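Notes for the one structure printed next.
Each value in this text was obtained by applying a stated rule to the coordinates, not by laboratory testing. Here the structure is a predicted model, which is why all the values come from computation and not from measurement. Backbone-built Cβ (ideal geometry, glycine too); neighbour counts: all protein chains shown.
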């Protein structure tokens, strides 16, 4: 008789633990996958925002082809552990200023964001800002699409992202 009782206990224990373990594994994989996707989308959003802001700030330096004007902009961004390079190019894709020296994989024109060899490339065109003429209606001219005068490319490394996750 004792054999029968232990057999029932083992079956009940087995039948209650297996579904719980399966649900735990499924939820663990789901939450891990969701967190990784959220971190990846945050990285992409941050890179695109920074490249847009940098393109606005670099307008004068690129128009004047002045590397000394661009150096402080890139130097500040290089303090971020994700950023491994900042590249400023003119409209013909000639490099005006660059922080690092590894080989670039930039197409012409650059894609807004791309992953190449564990490096994220975020590029944004530099266009001159229109002169505001709201206060002087006589000077108001129909705004046309501004010509691209250069490009800003931020290069992020995937390594800090992978090490944190």
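Of note:
- In terms of surrounding Cβ atoms within a 10 Å radius of their Cβ, 69, 103 rank from fewest to most as 103, 69.
- Largest to smallest principal axis extent of the C-alpha atoms in region 47-128, angstrom: 33, 27, 24
- Spatial separation of Cα centroids for region 46-101 and region 6-42, in angstrom: 47
- Neighbour-count order for 92, 158, fewest beta carbons within 10 angstrom listed first: 92, 158
- Each of 85, 90 has some number of other Cβ atoms within 10 Å of its Cβ, and from fewest to most they run 90, 85.
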